[in-house]
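Q: If you scroll down you'll find the structure; I have some questions about it.
The values are calculated or read from the model by the stated rules, or taken from the named source; none is laboratory data. It should be emphasised that the depicted structure is a prediction, and the values quoted were computed from it without experimental measurement. All Cβ positions, even for glycine, are placed from backbone atoms using ideal geometry, and neighbour counts span all protein chains on display. Remember, those area values only see protein heavy atoms, side chains included, never the ligands or the DNA or RNA. Shrake-Rupley method; radii C 1.70, N 1.55, O 1.52, S 1.80 Å.
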Amino acid sequence: MLTVRAPATSANLGSGFDVFGLALGAPADVVRVERAEETTIEMSGAGSQYIPEDPTQNTAGVVAAELDAPARICIDKGVRPASGLGSSAASAAAAAVALNELYDRGHSREELVHIAAEGEAVVSGAAHADNVAPSILGGFTIARDDGVTQIDASLPLVACLPDLVVSTRDARRVVPETVSMDDVVDTVGSAATLTAGMCRDDPALVGRGLEEAVVTPARAKLITGYEAATTAAREAGATGATVSGAGPGVLAVCRSPDDRRQVASAMLAAFDDHGVDARAYQTVVGEGARIYR
Ligand code: HSE
């Protein structure tokens, strides 16, 4: 038997829709695996009652099939489903790393990103790698069809989760089908600024690079209190804030670890003013999936 912890992740980061991803220090899913004749799944933890235990409908079960690695898989959810923090991806990432080790399959971490993305396809309908890549590799990732680039980064962060339901399906439906050349130019500028910021561990550059005028405003409308929460985060010292993944979570980048407490409080108060309960994680850029024996 072995245990793997795989972190929550924040996809998109504003300017990198379906491309950028960031591993968070917390929360995380913890997955235990042991060899078995056939795959079974047992769920516990945050929101586990909403996740199917049928291996054909669960990201971890699909990964087990992809790796031809039948196992008893116990998933302790730390990452709440439908939060915008890559919940299904964390389970897929942990299962891929765990079963690769358990069955000594010898896949590289990059290969496991593609296998875990197949697990993601079951839930989202498309094999996105923008959450599984950072959950497996850690740090900041740029996931494209031709491969994944990983950059270690160090930044203080706040991830705020309002108690709202926004389905990924709805969040994808509101994405505009066309963009203007001005918006393309702006988005390229932001994405480049953000990437430079990650390379330099520079919160000011990363905060500026979150700015994006196509996908984010469309999705913000689905999140009650979003404008107030992101404005409050900036006023409390965050360099920038944006929708985490498909939402409803909101990610804020802070200048220093000491700023996180007031940024978190400001965001919670702003959601509360709109009648929305929320919780906040004061965290950092995290490492990738880790094996415990
Ligand atoms: N890039 C994806 C999206 C992440 O924003 O829809 C959520 O699966």
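Q: Evaluate the relative contact order of the chain (contact order divided by residue number), counting alpha-carbon pairs under 8 angstrom at least 6 apart; express in whole percent. Don't skip to the end; give the middle numbers.
A: Details: 794 pairs, mean separation 71.6, N = 293.
Here the relative contact order equals 24 percent.
Q: Still on this structure: Taking a ≥ b ≥ c as the square roots of the eigenvalues of the Cα gyration tensor of region 156-284, is the shape rounded (a/c under 1.5), prolate (a/b larger than b/c) or oblate?
A: oblate
Q: Once amide H atoms are placed 1.01 Å from N in the peptide plane, what residues at a sequence separation of 5 or more from Gly240, or on another chain, have their amide H within under 5 Å of its amide H?
A: Those lying under 5 Å, H to H, from Gly240 are Val253.
Q: Which whole-Hz ³J(HN,Hα) couplings does region 247-254 yield from phi under the Karplus relation 6.51 cos²θ - 1.76 cosθ + 1.60, θ = phi - 60°, glycine and proline marked x?
A: x, x, x, 10, 10, 10, 9, 10
Q: Using helices alone, what [θ] at 222 nm do you get for the chain, with -39,500 (n - 2.57) per DSSP H run of 4 or more residues, divided over all residues and rounded to the nearest 500?
A: Helix-only estimate at 222 nm: -11000 deg cm²/dmol.
Q: Enumerate the amide H contacts of Leu2 below 5 Å, restricted to partners 5 or more residues apart or on another chain; note that Pro and chain-start residues carry no placed amide H.
A: Residues meeting the criterion, in which the H sits 1.01 Å from N, are Val33.
Q: Quick check on packing: order 5-12, 104-111 by the mean number of other C-beta atoms within 10 Å, highest mean leading. Before the final figure, lay out the partial values.
A: Details: 5-12: 29.1, 104-111: 12.4.
Highest to lowest by the protection proxy: 5-12, 104-111.
Q: Tell me, what is the FRET efficiency for Ala36 and Met181 to the nearest 0.05, using R0 = 51 angstrom and their Cβ-Cβ distance as r?
A: In this case the efficiency is close to 0.40.
Q: If one takes the longest principal axis of the Cα atoms in the chain, at what angle in degrees, from 0 to 90 and to the nearest 10, does the Cα axis of helix 87-102 lie?
A: Tilt of helix 87-102: around 40 degrees.
Q: Compute the accessible area per residue over the chain, keeping the other protein chains in place, probe 1.4 Å, unit Å².
A: 42
Q: Still on this structure: Quick one: which of 31-44, 207-220 comes out on top by average Cβ neighbours within 10 Å, and what's the full order, highest first?
A: My ranking of the peptides, most packed first, is 207-220, 31-44.
Q: Within 14 Å, Cβ to Cβ, of Pro217, how many net charges do the neighbouring residues add up to if Lys/Arg are +1 and Asp/Glu are -1?
A: Once all neighbours under 14 Å are counted, the net charge is -3.
Q: Now for a different question. Give me the distance between the Cα centres of region 13-44 and region 156-231, rounded to whole Å.
A: When both Cα centres are located, 22 Å separates them.
Q: To the nearest 10 degrees, how steeply does helix 109-124 sit against the main Cα axis of the chain, on a 0 to 90 scale?
A: With rounding to tens, the tilt is 80 degrees.
Q: Work out from phi, with θ = phi - 60° and the Karplus expression 6.51 cos²θ - 1.76 cosθ + 1.60, the ³J(HN,Hα) of each residue of region 268-282, listed in order in whole Hz, and give x for Gly and Pro.
A: Karplus values, whole Hz, x for Gly and Pro: 4, 5, 5, 5, 4, 4, 9, x, 10, 6, 8, 10, 10, 9, 8.
Q: Another question about this same structure. What's the carbon and sulfur percent of region 156-284's accessible surface, probe 1.4 angstrom, rounded to a whole number?
A: Of the solvent-accessible surface of region 156-284, carbon and sulfur hold 49 percent.
Q: Subtract the Cα-Cα distance of Thr56 and Arg290 from 0.36 nm times their separation in residues, and report this length gain in nm to one decimal.
A: Taking Thr56 through Arg290 to full extension adds about 81.7 nm, to one decimal.
Q: Hey, what's the per residue convex hull volume over the C-alpha atoms of the chain, in cubic angstrom?
A: 112
Q: What percent antiparallel are the DSSP beta bridges of the chain, to the nearest 5?
A: The antiparallel fraction comes to roughly 90 percent.
Q: So what's the angle, to the nearest 10 degrees on a 0 to 90 scale, between helix 226-235 and the longest Cα principal axis of the chain?
A: Between the helix axis and the principal axis of the chain, the angle is about 70 degrees.
Q: Here is a follow-up. With a 1.4 Å probe and every protein chain left in place, tell me how much accessible area Ile51 has, in Å² to the nearest 10.
A: We get 40 Å² for Ile51.
Q: Just need the Rg to Rh number for region 1-117, please, alpha carbons only, Kirkwood Rh.
A: Rg divided by Rh gives 0.96.
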